[in-house]
Every structure is written in structure tokens, then in C-alpha cells.
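Structure, as C-alpha cells:
All of the numbers you see were taken from the coordinates with simple rules; none came from a lab. All of these numbers come straight from a predicted model, not from anything done at the bench. For neighbour counting, all protein chains shown are included, and Cβ atoms are generated from backbone atoms with ideal geometry for every residue, glycine included.
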Amino acid sequence: MEILVLIACGFYFLSAAGYLFYLIFQKNYLQRVGFDLLLAGFICHTIALGLGWFHSGVIPVRNLYETLLTAGWATAGIFLVFSYRLRMKIFGIYAAPLITLIMIVATQVARVPVDARPLFNNFWLVVHILTIFLGEAALALAGGAGVLYLIQEQAIKTKRHGFFYKRLPSLELLDGTGYACLISGFTLMTFGLVTGIIYAKSVWGHFWSWDPKEIWAGITWLLYAALLHERLTVGWRGRRSAILAIIGFAVIVFTFLGVNFFLQGHHGEFTRL
């Protein structure tokens, strides 16, 4: 498994380099190379996680190492889907380095062995974990679209039409891509929270325990719900939507990692290991 993880990490790194060269030189073949390398990394990554799941008998999120690997896999998978469906060639300049960073961090953390526990074999837990990870990956891409939007907007405002203006898509396309990521991510996150509540009831006998992770997950959901509500009813688009998408991603990062390290709760017992 670890060899496949390292191979996947190498493919992701080369993909990030390919997208960087595409940004600089604007040669379409470099974008295709970046995409193909990322796809190759994702295939190796999927096989590695599948083997880990097969050998342990449980979904690979038992410690921080496995959790980061799963997060990187979800981000790569969601990017490949959106890149294919939305034809956003340039989006890889954000996604590929992000995936590479997650994988590099994962390879540096301790691989603390953890015994498989009965609670990991629950159907609702598996669905909860997969939909939450995929939803947060889509929202991470929404944050990336927000970053690219602000960069392009600044390039337009300077009226110099410099490096990024010629290479980034239009503000309308970036805003539309960010919105598609928001809708997809929010839908998956909502489904993930619902299945998490069902799982909590089946295991602990109650739907909500005021665990710090649950509280911050609720805060994250409310933040994105407010953003989508205001976008649909008031017309929040463009810069305001981009900034809130970036803030939302920052909250996700804190909920994903910060809560486990700094606050006590039953979710943290997995990723602190």
C-alpha cells in the first residue's frame, strides 16, 4: 500500500508541475499531460486505499495518515469529475498542488497501527465518511475557484492585463464553476451529516451529542447554507461569493483537523492517533 501511495504522490507532483508549465506557456498538451498524470495518480491512489480497506476490513480513516490519504483521494476524484464535466483546463493549477500538499503531509505523519473496531463496520458510517469527504473536497474546489476569481478580478481592475489576465478564465466562468462546486459540495455534505446523525443514533443511542466536531460541522453547514440562500435570493455573486467560499474552506480545514487536535471529542480519537 505504501509503495502505491508514494507512486501516487509522485504522479500528483508531476501533475502539479505540468499544470504550472501550462499556466506559464499555455500549451494545451501540457494541460493534457497534467490531467493524465493526475488520473494515473488517482488510479494508484484508489488501488492503495482499496488494498488497505481489504486487508484491514474497515474504511481507511483510523488515524491521521489514513484520513489524509482519503481526503487527498476525494479531492482528486472530485477534481477529475469537475474537470471533465466543466472543461475547466486551468483549474488544475489549484487542485493539483493542493492534492500534492495533502499527500506530502500524509507521508510525513506517523503510521500508528490501529486495530479494526466494530464501529468502523457500520454501513451508515461508511456512507457518512465517503459523502462528507467528497462534499468537503468539492467545497475545497469552490474555495479554489474563489481564489482564482479574486486574482482575475484584481488583474482586470489594474487594467494592465498582465500575466494572470491572459491565462485565467472569465469572471463569469469562474463564478459559475465555483457555484457548481458549492451546490455539489453542499448537497454531499448535507447527506453526510444526515447519515452521520443516523449512525450516531444506532451506535450511541442519540442523534446529537454536542461533540466539538458535530458543533463545527453544524457551523460549517450553516455558513454554506447562508451563502447559497443569499446567492439564490439576494443575488450574491462574484467577489462576495468568492470571499465567503474561501472563508468556508478555511472553516472546513479547522473542522477537519483543528478540532481534532485542540478540542476533545469522540471524533478526535481517530485522527489524533
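Worth pointing out:
- Rg and Dmax of the range 1-119, based on Cα coordinates, read 15.0, 52 Å.
- Summing Cβ point charges (Lys, Arg +1; Asp, Glu -1) relative to the Cα centre of the chain gives a dipole of roughly 960 debye.
- Degrees separating the helix 28-56 axis from the principal Cα axis of the chain, which is the longest one: 0 degrees
- Taking Lys and Arg as +1 and Asp and Glu as -1, the other residues whose beta-carbon sits under 12 Å from that of residue 26 total +4.
- Here, the chain has an Rg and a Dmax of 19.0, 61 Å when only alpha carbons are counted.
- For the chain, the longest principal axis of the Cα atoms and the long axis of helix 239-253 meet at an angle of about 30 degrees.
- Surrounding net charge for residue 241, when Lys and Arg each add one and Asp and Glu each subtract one, Cβ distance under 9 Å: +2
- Note that the range 11-23 has calculated 3J(HN,Hα) couplings of 4, 5, 4, 5, 5, 4, 5, x, 5, 5, 5, 5, 4 Hz, one per residue in order, obtained from phi through the Karplus relation 6.51 cos²θ - 1.76 cosθ + 1.60 (θ = phi - 60°); glycine and proline are x.
- Cα-Cα separations in the range 167-252 greater than 19 Å, expressed as whole percent: 45 percent
- Look at the alpha carbon pairs under 8 Å that are at least 6 residues apart: their mean separation over the length of the range 1-119 gives a relative contact order of 33 percent.
- From its DSSP helices (H runs of at least four residues, each -39,500 (n - 2.57)), the chain gives a residue-normalised ellipticity at 222 nm of -26500 deg cm²/dmol.
- With a cut-off of 13 Å between beta carbons, the residues surrounding residue 73 carry a summed charge of -2, where Lys and Arg count +1 and Asp and Glu -1.
- Computed over the chain: relative contact order in percent, which uses C-alpha pairs under 8 Å that are six or more apart: 20 percent
- Rounded tilt (10° steps) of 92-108 against the dominant C-alpha axis of the chain: 30 degrees
- Span from the the range 12-70 Cα centroid across to the the range 82-102 one, whole angstrom: 11 Å
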